[in-house]
Amino acid sequence: MKHPTANKTLRQKVVWHLLILAGAVVISSLFSLAIAQKLIHPGTLSMLVLTFLQLELFLWIGYLFFYGVKPDAPGVVKSTLIRFVLFYLSVMVIAVIVFLALFTYHFSRTGAGFSEFIPSLIHSDFKAFLTAAGIGFAIGALFFFYTQWYDAVKRTQKLKQEKLIFQYETLKSQVNPHFLFNSLNTLSSLIRKDVELSEQFILKLSSVYRYVLENQDKDLVPVENELAFVKDFFALQQVRDQEKIELQIDSNGAGSEKIIPVSLQMLVENALKHNKASRNEPLRITIHYEGLDKMVVRNNLQEKDQLGPKSGIGLRNLDERCKLILDRGIELMKNEDEFVVKLPVQAEKK
């Protein structure tokens, strides 16, 4: 589980920790006024350090317990209540451990004997600390839970919206008249020339549509399933373009990783759509596993002349889905010779 600042820039991280420090100053000041009836006293610095560490741990543990909660999942109320109780108990236990560690450090510096440790602890601000921490963490836990729940609801709604857009774009790209016209025209020609090849063409065409319809509602599918789908899709294209286009796939090391459905196919189709291809200068597309939780799709750059600028809607939509589902976006690289897209995948859970 990532720390809440894991995906932020260095500047954002600094601001985030400064805000936590400011919160620690406010809270420790209130505690000082409530416990010692004055703002500055001998234990002020220790209380500030203690509060800062507690807030850092509070946020990290909060993300550990609440990040990824799905408001529409079965039994979410019961599981969330259990998470909340465990979260509260965890921060209280850690708070006590930190307090005892600091108290032990200061006690050792007094030179007193070990027999005085318990009486000194009882006469210290330990009881007041437990009361203040218990109330403070209870209020903080409720507030943190509310913010995380609200964020989870927003994330779920956005994911549903992106999924609907993705489903529409996917089906539109697969069932558009241009795709059907080319497929049926190719099939008509094959039937007259090669009955056996036409039967294979029909099987692959039906396999392509079946895969899209079966997986459009899924967030992730096995990489091997997606690659099999890409092979069928490319085979349909290759019947018409023959030696003009080439596809090379190397999935060694991918194991049982999972990927967003129809993502690799979309990138292959994108390469076919925007690049010229001929027998003398074929379009070469390669797909391979990088070994860093990424599938890489690259093609030699032979861009077609276009009247207007490219929309890039497909890539933006794919990037957004990757961020929502896998917490990582796609990586694009382009130079004079090739165009490269790196897709995040979910690594095998051990």
Exercise. Counting only the heavy atoms of the protein chains, how much of residue 21 is accessible to a 1.4 Å probe, in Å² to the nearest 10?
Worked result: 70
For this session: Along Cα→Cβ, 7 Å out, is where each label goes; now give me the distance between the ones at residue 286 and residue 252 in nm to one decimal.
Result: 1.2
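Using only the Cα atoms, work out Rg/Rh for segment 199-332, with Rh taken as the Kirkwood radius, to two decimals. Walk me through the numbers before you get to the answer.
Numbers: Rg = 15.1 Å, Rh = 15.8 Å.
With Rg and the Kirkwood Rh in hand, the quotient comes to 0.96.
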For this session: Please work out the FRET efficiency for the pair residue 38 and residue 81, using the Cβ-Cβ distance as r and a Förster radius of 45 Å; give the result to the nearest 0.05.
Result: 0.65
Exercise. Kirkwood hydrodynamic radius of segment 252-323 from all distinct Cα pairs, in Å?
Worked result: 13.9
Exercise. So what does residue 196 come to for accessible area, using a 1.4 Å probe and Å² rounded to 10?
Worked result: 120
Exercise. Residue 192 to residue 327: FRET efficiency via 1/(1 + (r/R0)^6), r the Cβ-Cβ distance, R0 45 Å, to the nearest 0.05?
Worked result: 0.30
Exercise. Can you give the accessible area of residue 116, probe radius 1.4 Å, in Å² rounded to 10?
Worked result: 90
For this session: Might you tell me the accessible area per residue for segment 218-313, computed with a 1.4 Å probe and given in Å²?
Result: 50
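Expressed as a whole percent, how much of the Cα-Cα distance distribution for segment 225-287 exceeds 13 Å?
Values: 1220 of 1953 pairs.
Of all Cα-Cα distances in segment 225-287, 62 percent exceed 13 Å.
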For this session: Note down the nm distance, to one decimal, between modelled labels 7 Å out along Cα→Cβ at residue 19 and at residue 109.
Result: 3.3
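Let's test the formula: R0 of 56 Å, r as the Cβ-Cβ distance of residue 313 and residue 96. What FRET efficiency results, to the nearest 0.05? Mind showing how you got there, number by number?
Details: r = 54 Å, r/R0 = 0.96.
According to the calculation, E is roughly 0.55.
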For this session: Could I have the simple spin-label model distance between residue 242 and residue 46, label points 7 Å from Cα toward Cβ, reported in nm to one decimal?
Result: 8.6
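The values are calculated or read from the model by the stated rules, or taken from the named source; none is laboratory data. Since this is a predicted model, take the numbers as computed values, not measurements. Because the Cβ atoms are built from the backbone with ideal geometry, glycine has one as well, and the counts that use them run over all protein chains shown. Just so you know, the surface numbers come from the protein's heavy atoms only, side chains and all, with ligands and any DNA or RNA stripped out. Shrake-Rupley method; radii C 1.70, N 1.55, O 1.52, S 1.80 Å.
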